[in-house]
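The values are calculated or read from the model by the stated rules, or taken from the named source; none is laboratory data. Here the structure is a predicted model, which means the values were calculated and not measured. Cβ sites come from the backbone with ideal geometry, for glycine too, and all protein chains shown count toward neighbours. Surface areas here come from the heavy atoms of the whole protein model, side chains and all, with no ligands, DNA or RNA. Shrake-Rupley method; radii C 1.70, N 1.55, O 1.52, S 1.80 Å.
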Amino acid sequence: MTAALLYPFILVAGALQAIGNAMNAQLRGRMVNPWLAATVSFLPIVFVFTTLFFTMPTPLPSLDSLSKMPWYAPLGGLAGAVAVFGGLAFIDKVGAGPFNGLTLTANILTSLAMDALGLFGLQAAGFKPMPWLGGLLMAVGVIFIARSGGRSDGGEGHGEGHGEGHGMSGKLLYPFILVAGALMAIGVVWNAQLRGALENPWLAATVSFVPVVFVFALMFLLRPSPLPTRDDIAGVRWWMPLAGITGAVAVFAGLLFVDKVGAGAFNGLLITANLLTSVALDHFGWFGMKQVKAGPPRLIGAAVMVAGIVLISLF
């Protein structure tokens, strides 16, 4: 019963993950420079987790646990940040539904491969046909959603600009988005190993995100142009810089709750909430997204993806 009480929080975390991608796209539009936008998005995360660590500094890791930590464990946040940067740069070009559908499918297929092969310290579970069938269904669902990505029902303000944003040029970004989704899954495993080594979840979250801010800030210093104008800055809504924090809720939920509810149930709930929220964002045009009505192809794609997630979670 205790685990079931966590389900609403996990569903909210999945919805916030999808909303964070849309918020990041709007932040990117106002900041102009994607490296600056990424730095602004991640800085509040580091501030929040650092403050929480200083407020609750125990437990602390032992020298023995630190010595056993894999070298790649602190890079989990950086691996996951690739998907966040993809959201900053590409979600307005391909749409929230296709973007999140592609990242989630790559995420779950990579997770299945890591479980089957025992990669990155995971216990090898071998090949299980039902979860892989679920992964195939998710891929089919993405095809339905992506094929509807370039069409709108002709609402005001969504004419030619929308077609340009979601046209063939957007589909050329699909391989990068798939890689970002795979890295997201790998980042979760690395973060779990970091959490085990550092023991304190606030310290683990801080260590995970500090390299992300460092890399994005360095890239901004190396490529400082273009810069936002005064009008761009004036157009920043209060919620835009909070995009990173909304996405970080899902990362922290994984740190805390995966071992309590199980990886299958956790990922199933998280991805389902993410997917349905993404389709809703496109359908209603929330957070400045270009409106793409959830017609039959999108609804069928979402239903097929949910069926795939159920197979993965149950088996």
From (1) assigned to a helix (DSSP H, G or I); (2) open to solvent by 30 Å² or more (accessible area, probe 1.4 Å), pick out the condition that doesn't hold for V236. (1)
Residue by residue through region 277-289, note down the ones that are part of a helix (DSSP H, G or I) and either open to solvent by less than 10 Å² (accessible area, probe 1.4 Å) or touching a residue at least 60 places away in the same chain (Cβ under 8 Å) (or both). T277, S278, V279, L281, D282, W286, F287, G288
Unique residue being free of Cβ contacts under 8 Å to residues at least 60 places away in the same chain and touching a Leu at 6+ places or on another chain (Cβ under 8 Å) when the list is A113, A83: A113
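Restricting attention to region 198-219, report how many residues are surrounded by fewer than 20 Cβ atoms within 10 Å (Cβ to Cβ) and in a helix (DSSP H, G or I).
8
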Among what's in region 85-105 and is of a type in the set (V, I, T) and touching a Gly at 6+ places or on another chain (Cβ under 6 Å), pick the residue that is farthest from A307 (Cα to Cα). V94
Within region 290-301, the residues that are open to solvent by 10 Å² or more (accessible area, probe 1.4 Å) and in a helix (DSSP H, G or I) are P296, P297, L299, I300
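Are there helices (runs of 4 or more DSSP H) fully within region 28-111 with at least 2 residues that are open to solvent by less than 30 Å² (accessible area, probe 1.4 Å)? List them.
Of the helices (runs of 4 or more DSSP H) lying wholly inside region 28-111, those with at least 2 residues that are open to solvent by less than 30 Å² (accessible area, probe 1.4 Å) span 34-55, 76-94.
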Can you spot a residue in region 148-158 that is within 24 Å of T272 (Cβ to Cβ), in contact with a Pro (Cβ under 7 Å, 6 or more places away or on another chain), modelled with pLDDT under 80 and crowded, with 17+ Cβ neighbours inside 10 Å? yes
